[in-house]
Amino acid sequence: MIGDMIAKVRKEKGMTKTELARLTDINIGHLTHIEKGERNPSHKALKNICRALDIPYQQLMYTYDKQISEEQEAYGLINHISYNKVPAVSKLDSFIDCPSSLPSASLAIKINDNSMEPTLKKGTYSFIELNSLLNNKEVGLFSIDNEIIIRRFINRKSKIILKADNKEIEDIDVTNSKNFYIIGKILNVK
């Protein structure tokens with residue numbers, strides 16, 4: 001997935017592979033292998049690529065060892081992974097212990113509503129793996145029109161739906177939304 005993200009950002013920035021290779025001092029053949037997902041860049045190479053593309057390094061680092069499935073590719077989910085935005089936190093409550101069973105957790109977020117009950121109870125914490133592509137029916141943290149929500153990700157007949165587990169809350173169709181980003185995957189969902 002990291003190669004897909006590099007290619008996506010490079011194209012969005014209007015940069016050719018030749019230009020990126022020149023700016024990073026990476027052989028164009030090696031860069032092609034990276035973009036095709038045949039090789040992963042070293043951390044040093046990734047930092048150089050991010051510097052040349054003028055984007056934060058850590059955001060792409062989250063995608064380093066992830067693979068994109070055919071279904072995820074078909075739905076264009078890579079277009080909803082943010083590479084230049086980070087969640088803004090207005091208040092840090094505290095630190096909580098991260099279970100060793102969740103080694104990819106990046107942060108914990110307190111559930112502040114009942115939209116995902118009974119799965120996620122209001123007032124409890126959920127652990128998030130940032131910039132993770134979701135499979136059908138997985139629970140994620142999303143930004144939709146600048147609102148942060150937790151919902152179940154549903155692929156339904158070429159539509160992308162965000163569904164609350166609470167039956168009283170309406171589904172959100174984000175299929176054609178340009179303001180829809182996957183922030184991460186909720187890890188502690190049973």
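General observations
- Any chance Ile68 is in a loop (DSSP other than H, G, I, E, B), in contact with a Leu (Cβ under 9 Å, 6 or more places away or on another chain) and within 17 Å of Ala7 (Cα to Cα): yes
- Residues in the stretch 61-75 that are within 13 Å of Gly37 (Cα to Cα) and buried (at least 16 other Cβ atoms within 10 Å of the Cβ): Thr63, Lys66, Ile68.
- Tally, over the stretch 42-55, of residues that are free of Cβ contacts under 8 Å to residues at least 40 places away in the same chain and loosely packed, with under 15 Cβ neighbours inside 10 Å: 4
- Phe127 of a type in the set (Phe, Trp, Tyr), at pLDDT 90 or above and within 24 Å of Ile150 (Cβ to Cβ): yes
- Check on Lys85, touching a Gly at 6+ places or on another chain (Cβ under 8 Å) and under 25 Å from Ile161 (Cα atoms): no
- Residue match in the stretch 110-128 (condition: of a type outside the set (Phe, Trp, Tyr) and closer than 18 Å to Tyr62 by Cβ): yes
- Residue check for Ile96: under 19 Å from Ile183 (Cβ atoms), hydrophobic (A, V, I, L, M, F, W, C) and modelled with pLDDT under 90: yes
- Close pairs from the stretch 1-15: first closer than 15 Å to Leu77 by Cβ, partner hydroxyl-bearing (Ser, Thr, Tyr) and in a helix (DSSP H, G or I), Cβ under 9 Å, at least 6 apart: none
- Picking from residues in the stretch 80-92 that are of a type outside the set (Val, Ile, Thr) and touching a Phe, Trp or Tyr at 6+ places or on another chain (Cβ under 9 Å), the one that is farthest from Met5 (Cα to Cα) is Lys85.
- Residues of the stretch 102-111 satisfying the condition of being more than 30 Å from Ile6 (Cα to Cα) and either modelled with pLDDT under 80 or not hydrophobic (A, V, I, L, M, F, W, C) (or both): Lys110
The values are calculated or read from the model by the stated rules, or taken from the named source; none is laboratory data. Fair warning: this is a prediction, and the values are worked out from it, not measured in the lab. Please note: Cβ atoms are built from the backbone with ideal geometry, for glycine as well, and neighbour counts cover all protein chains shown.
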